[in-house]
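The values are calculated or read from the model by the stated rules, or taken from the named source; none is laboratory data. Worth saying up front: this structure is predicted, and the values here are computed from it rather than measured. Heads up, the Cβs are rebuilt from the backbone with ideal geometry, glycines too, and the neighbour counts pull from every protein chain shown.
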Amino acid sequence: MHSPLIVALDFSTLDDALEIADQLDPSVCRVKVGKELFTREGPLMLRALHNRGFDVFLDLKFHDIPNTVANAVLAAAEQGVWMVNVHAMGGRRMMEAAADALARNNMATHLIAVTVLTSLAGNELAEVGVSASIDEQVEQLAQLAQSSGMEGIVCSAREARRVRQVCGNKFFKVTPGIRPKSSAANDQQRITTPSQALHDGSTHLVVGRPITGAESPSDAVADILEQIRFKPGKA
Ligand code: C5P
């Protein structure tokens, strides 16, 4: 079993990202590359991380017409990323096209969906024409994502419990907003400890600043693995 930990490399440059990555052990955590870093450094960033042995979650949240998203997801897979994501709001045909593109090309890359951005408040959902509550919308989109061939979703740990009831244990619940015991909340509104998140159904924990901003990122990783009783030797 691999560690459930994914370290968010939210940096502006390749050099800054690698400075931290070089202090991490790819056998006990994966890494996430988001829009800013990828837009600036592109595939070079992915190659640098792959060369160091990391599994990479490319967090670009594609949302476009089915053909465009399918080709983008395939392009990510061809670069060897471990996981990539799309917006479930792109709809069934978009998600199916993306999943098909990976299957037809025998790609092992995991494909997951974002349901409702956790930055959105209930009234903002209404403003974009969605009358459902956030919880209802997350549940509906999680089910749609699953029946459209997605392997999981990004969700808050708070939502993971319900998603587990509706979509089962195996469906990935990749959860940010994780704060190890005794670390700062930063700008996260709803935070959960690593062990609580796993207990509530999270399958993967996305942690950024508590690790990347720590004096010793490797100690911060070790502390989290200790909290969830993950034994590195078993990876
Ligand atoms: O530094 P921190 O642990 O807050 O980083 C969390 C990561 O998860 C960031 O890359 C952030 O963009 C991402 N994220 C999040 N909340 C979401 C979705 C993604 O914090 N709802």
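Worth a mention:
- Identity of the residue in region 164-181, closer than 18 Å to Val7 by Cα and away from the ligand (no atom under 11 Å from the Cβ), that ends up modelled with the lowest pLDDT: Lys181
- In the set Asp223, Asp135, Asp187, only one residue is within 16 Å of the ligand (Cβ to nearest atom), in contact (Cβ under 8 Å) with a residue 40 or more places away in the chain, on the phi < 0 side of the Ramachandran plot and among the acidic types (Asp, Glu); that residue is Asp223.
- Only one entry in Asp59, Asp25, Asp64, Asp15 is of a type in the set (D, E, K, R) and crowded, with 21+ Cβ neighbours inside 10 Å, namely Asp59.
- Some residue of region 191-211 being more than 19 Å from the chain's Cα centre (by Cα), away from the ligand (no atom under 14 Å from the Cβ) and surrounded by fewer than 18 Cβ atoms within 10 Å (Cβ to Cβ): no
- Thr109 meets all of the listed conditions (1) out of contact with any strand residue (DSSP E or B) (no Cβ under 9 Å at 6 or more places or on another chain); (2) more than 16 Å from the ligand (Cβ to nearest atom) but one, namely (1).
- The residue list Ala101, Ala121 contains one member that is within 16 Å of the ligand (Cβ to nearest atom) and more than 16 Å from the chain's Cα centre (by Cα), which is Ala121.
- Considered as a group, the residues in region 28-68 that are of a type in the set (Lys, Arg) and farther than 22 Å from Ala220 by Cβ include one that is nearest to the chain's Cα centre (by Cα), and that residue is Lys61.
- When Gly149 is tested against (1) within 16 Å of the ligand (Cβ to nearest atom); (2) surrounded by fewer than 19 Cβ atoms within 10 Å (Cβ to Cβ); (3) among the small types (Gly, Ala, Ser), only condition (1) is not met.
- Verdict on Ser131 being surrounded by fewer than 21 Cβ atoms within 10 Å (Cβ to Cβ) and small (Gly, Ala, Ser): yes
- Selection status of Asp25, over 17 Å from Leu111 (Cα atoms), outside any helix (DSSP H, G or I) and more than 15 Å from the ligand (Cβ to nearest atom): yes
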